[in-house]
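Scroll down for the structure; my scribbles are underneath it.
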Amino acid sequence: MRRVVVGPPAVVLYGPPASGKDTVTGALARADGAFVHFRRLKAGPGRSSGYRMTDPRTLADLRRDGLVVHGNRRYGAEYATDAPELDRLTAQGGIPVVHVGQVEALTALSAYPAAWTRVLLWCPRDVTAKRSADRGDPDGDARLRAWAETYADLEAHPDVLWSLIVRTDHTSPGDAAELVRQAVNGKAPDRFGAGHLLRGVA
């Protein structure tokens, strides 16, 4: 499938919990300072690292004004990807790297005028469990439920295509980051399906 490139470059990383979204984003930023982690807005409990913490009223105001590109709820909190922050980062010449965990977010983000590179980061359930335990997540069971939800999400959307698919249990963060950088610079089209993941790495 040929991707229509409109606007500045941007990256969306999709994957289950502990698939390496933070780690690969960090490697990307170290390799090329143009790549910037898009810190989503968050209102609610849980970790604050990697987010711009706010309150439900602020999120409601942004939604009312049509400034939320995509929003979702998970782990008892509310999250939002907002257009003003995307505008700010791209205006500064940055390449936003947005983390998502729902296929519906891909459709929502495509409405924002950027040349999106879609990247699927994947790891099996047991890898998510080990990584979650190793980093001390207090909600490990919820992370595994989210892994199952991500798997079911992909299974329900077999026609979704990706610019790049990376098995992070087989690929180092540095190598994964280089693959993403090459996909962005090469304006890789969305052409890879995820069916083999569903057949072989649960």
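For region 142-183, the Kirkwood estimate of the hydrodynamic radius, built from every pair of different alpha carbons, is 12.1 Å. For region 49-168, place one equal point scatterer on every Cα, skip the solvent, and apply the Debye formula. What is log10 of I(q)/I(0) at q = 0.14, 0.16, 0.18, 0.23 Å⁻¹? Cα-only, vacuum Debye calculation for region 49-168: -0.73, -0.96, -1.18, -1.47. Bridge orientation summary for the chain: considering DSSP beta bridges with both residues in this region, about 35 percent are antiparallel.
Distance distribution P(r), the chain, all Cα-Cα pairs, bin width 5 angstrom from 0: 1, 7, 16, 20, 22, 18, 11, 4, 0 percent.
Would you mind classifying region 121-161 by shape? Square roots of the alpha carbon gyration tensor eigenvalues, ordered a ≥ b ≥ c; an a/c under 1.5 is rounded, otherwise it is prolate if a/b is larger than b/c and oblate if not. Prolate. Measuring r between the beta carbons of residue 32 and residue 87 and using R0 = 30 Å, the FRET efficiency lands at 0.90. At each listed q (0.14 Å⁻¹), what is the log10 of I(q)/I(0) that the Debye formula gives for region 118-202 modelled as equal alpha-carbon point scatterers? Debye output, listed in q order: -0.54. What fraction, in whole percent, of alpha-carbon pairs in region 1-96 exceed 21 Å separation? When all Cα pairs of region 1-96 are counted, 39 percent exceed 21 Å.
Between residue 145 and residue 57, the FRET efficiency from the beta-carbon distance, with R0 = 30 Å, is close to 0.55.
Each value in this text was obtained by applying a stated rule to the coordinates, not by laboratory testing. For clarity, every value in this text was computed on a predicted model and none was experimentally measured. Neighbour counts are summed over all protein chains in view; Cβ atoms, including those assigned to glycine, are modelled from backbone coordinates with ideal geometry.
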